[in-house]
Amino acid sequence: MGSAATGRGVDQAAMVNRLYVSPAARGHGAGAPLPAEAVAPARALGLRAVPDVAAHDTAATALYERLGRHRMATVAQDWGPHGLVDVHCCAAPDPHPPHSVGHPR
């Protein structure tokens, strides 16, 4: 999914999964810095980081939107004993978008 939606090869995209904030810390800004911290290692390697968020988690979805991330796709992931869970794959605008076919980056 990340590769098709970002327009980059699979070797240029990194999925970022499962960021959590304890219930006691929610609503106090504790989650705001997490996405940037989580995608920093991927960006340092020149990869396009694509965080995902459970579709039922409206607070996290709203946070990603406030941070300028856009929903690229919604897919079902197998969460083992929890069954299939819909997740939104979100990404910030690509700072280095791929060029059109026939033009090197």
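For segment 14-46, enumerate the residues that are in a loop (DSSP other than H, G, I, E, B) and either more than 21 Å from VAL75 (Cα to Cα) or in contact with a Ser or Thr (Cβ under 6 Å, 6 or more places away or on another chain) (or both).
Hits for segment 14-46 are VAL21, SER22, ARG26, GLY27, HIS28, GLY29, ALA30, GLY31, ALA32, PRO33, LEU45, GLY46.
Scanning segment 64-85 for residues that are surrounded by 13 or more Cβ atoms within 10 Å (Cβ to Cβ) and closer than 14 Å to ARG18 by Cα, which turns out modelled with the highest pLDDT?
Residue satisfying both the conditions and the ranking: VAL85.
Can you tell me which residue among ARG48, ARG71 is within 23 Å of GLN12 (Cα to Cα), without any contact (Cβ under 8 Å) to a residue 60 or more places away in the chain and touching a helix residue (DSSP H, G or I) at 6+ places or on another chain (Cβ under 6 Å)?
Just a single option satisfies the conditions, and that option is ARG48.
Among the residues of segment 89-103, is there at least one that is within 15 Å of VAL50 (Cβ to Cβ), out of contact with any His (no Cβ under 8 Å at 6 or more places or on another chain) and modelled with pLDDT of 80 or more?
Scanning segment 89-103 turns up at least one residue that is within 15 Å of VAL50 (Cβ to Cβ), out of contact with any His (no Cβ under 8 Å at 6 or more places or on another chain) and modelled with pLDDT of 80 or more.
The values are calculated or read from the model by the stated rules, or taken from the named source; none is laboratory data. Because the structure is a prediction, the values reported are computed rather than measured. With ideal geometry, Cβ positions are generated from the backbone for all residues, glycine too; neighbour counts draw on all protein chains shown.
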